[in-house]
Structure formats: C-alpha cells, structure tokens
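Student: Take a look at the following structure, please.
Only the coordinates and a few stated rules stand behind these numbers; no lab work does. Keep in mind that what you see is a predicted model, and the values were worked out from it rather than measured. Because the Cβ atoms are built from the backbone with ideal geometry, glycine has one as well, and the counts that use them run over all protein chains shown.
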Amino acid sequence: MNLIILGPQGSGKGTQAKFLADQFDLTQIETGLALRQAAEEDTPLGRELHRIMYEDGGLVSDEETMKVLGEKLKRIPKERGVILDGAPRRLEQIKLVEDVMEKSGRAIDGVIFLNVSEEESIHRISRRYHCSKCHKNFFLGEDLDDPEKGCPVCGGTVKKRKDDTEEGVRKRLSVFHNETCPVVEYYREKGVLIEINGMKGKKEVFGQILDKIKNS
Ligand code: AMP
C-alpha cells in the first residue's frame, strides 16, 4: 500500500504517518525533513534552500523537491509500500509525484487529509520541539517535560525548528491555504480523499484513519 498524507503545519501528519508506517510496514518519506537537511549544506544549493525555507517561508522548486523524493524512493525496495508526508504541496506536483512514484513501480492507493483549524496549528507548533539526532518531534507538556534534558528517545539535542516562529508558521499556513488546499480539493473530486478531523488526541485520530481505510 502507498499513501499520501496532507495537512497544515501542526496537524499531526508526521505522528500519524509514523503510526501508519508501523501498522502497515511502510517507509515514511518526509520531504520537509529531507529538504531541511539539504539546506544545512554549505553549497550554493544548500544556501538557496536555506533562504527559501527560513527567510522566504515558501515552497522549494518542484525540480529540487522531486529530486529529493526520487532519491529517497530509489533506496526503498520496490515491494515495500511508502507513506509520503509533505508532497504534493501544489497542483503542479500532483503529476510529478505520480510520475516519480510510477518510476519506482508504485501507484497511490489513498490520500489522507488531516483537517485542523489555524489556531490549533499555531498552538501546537508553539509547543513543538525536534530532536536533531533521531528527528522525532515532541510537544512540550505532552511527551516532553524539559527540552534541556535532551531527547526522551535517543538523548540527542532537542530544539525548536528554526522556521517554527509564529511569523514562520503563519507564512507556511498561508502557503498551505493558497497552494496545498487546491491539491486536497483535486483528490476530493477524484474520490480518493480520506478526510479526518485532526482536532482530537493522536490515538483517536489514528483510530479514525484506520476505520476509514478499512471502509474505503
Ligand atoms: P515541513 O517540514 O513539512 O514543514 O517542510 C519544511 C519546508 O520544506 C517547507 O516550508 C517548504 O519550504 C519545504 N517543502 C517541504 N515539502 C515540499 C514540497 N512538496 N514542495 C516544495 N517545498 C517543500
């Protein structure tokens, strides 16, 4: 099975993608994480990605995004399913993602959309921390008590993401609204969208996803 998961920042995409990956034995591919890693490189491309992601707050070029996605897909055995977390994020990427998936011998079986309000997104992101070693996200007061004590899973350094400022989140939410919502509508019209109310706790949200996958 190959899935796509869409939703605004803080909707719980990463968390639910991980649950789905564990449940159905899928490999999770986060385009945002792969691009943030590429943006740390001290090369002209790394510096350009850094500018787009941290100063501008917009989307990276389709070319670079598909390159990163294609590289990730190439390394995963063909018989293993994937869950794409972070692509497609604009209409032009729908066909490009289909093509890059097809090249790796895969078709998309379903698209999950986690719907949360803008206030909830901002509230969640204001409490979000990221481990620079195992790349897991944590939420202060939920699964993280004290960032100074390090990652509760691997002991790595836990920090806020550089783009998780209130201004950065608002910018990315407006990009989501303008660029990614049309993608959600495309899949809704196509009849493959699994829409989920993401405003509940993570286990409840996962229960809803499993029920809808079973009945789809
Ligand atoms: P995320 O970790 O999902 O919040 O993504 C971080 C940043 O990576 C975004 O703000 C974009 O600049 C970039 N990004 C992630 N996925 C894509 C995509 N599919 N297309 C273009 N840019 C992307």
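Student: So in region 31-64, with the set limited to residues that are within 23 Å of Thr165 (Cα to Cα) and among the β-branched types (Val, Ile, Thr), which one is farthest from the ligand (Cβ to nearest atom)?
Tutor: Checking each candidate, the answer is Ile52.
Student: Return the pairs, sorted by first residue and then second, in which the second residue is surrounded by 15 or more Cβ atoms within 10 Å (Cβ to Cβ) and assigned to a helix (DSSP H, G or I), the first residue lies in region 179-193 and is on the phi < 0 side of the Ramachandran plot, the beta carbons are less than 9 Å apart, and the residues are 6+ apart or on different chains.
Tutor: Here the result reads Val183/Gln93; Val183/Ile94; Tyr186/Ile94; Tyr187/Ile94; Leu193/Val184; Leu193/Tyr186; Leu193/Tyr187, each pair linking region 179-193 to a residue that is surrounded by 15 or more Cβ atoms within 10 Å (Cβ to Cβ) and assigned to a helix (DSSP H, G or I).
Student: Among the helices (runs of 4 or more DSSP H) contained in region 129-216, which hold 2 or more residues that are within 16 Å of Ile5 (Cα to Cα)?
Tutor: 181-190, 202-215
Student: Still on this structure: Any idea how many residues of region 185-201 are of a type in the set (Val, Ile, Thr) and within 15 Å of Ser117 (Cα to Cα)?
Tutor: Residues that pass the stated criteria total 1.
Student: Mind checking which residues of region 171-187 are under 17 Å from Glu98 (Cα atoms) and surrounded by fewer than 16 Cβ atoms within 10 Å (Cβ to Cβ)? Outline the logic, then answer.
Tutor: Of region 171-187, the ones under 17 Å from Glu98 (Cα atoms) are 180, 182-187.
Listed by number, the residues that qualify are Pro182, Glu185, Tyr186.
Student: Which condition from (1) within 14 Å of the ligand (Cβ to nearest atom); (2) without any contact (Cβ under 8 Å) to a residue 60 or more places away in the chain; (3) of a type in the set (A, V, I, L, M, F, W, C) is the one that Ile76 breaks?
Tutor: Every condition holds for Ile76 apart from (1).
Student: Moving on to the next point. When Ile122 is evaluated against the numbered criteria (1) in contact (Cβ under 8 Å) with a residue 12 or more places away in the chain; (2) over 19 Å from Gly14 (Cα atoms); (3) part of a helix (DSSP H, G or I), which criterion, by number, is the only one it fails?
Tutor: (2)
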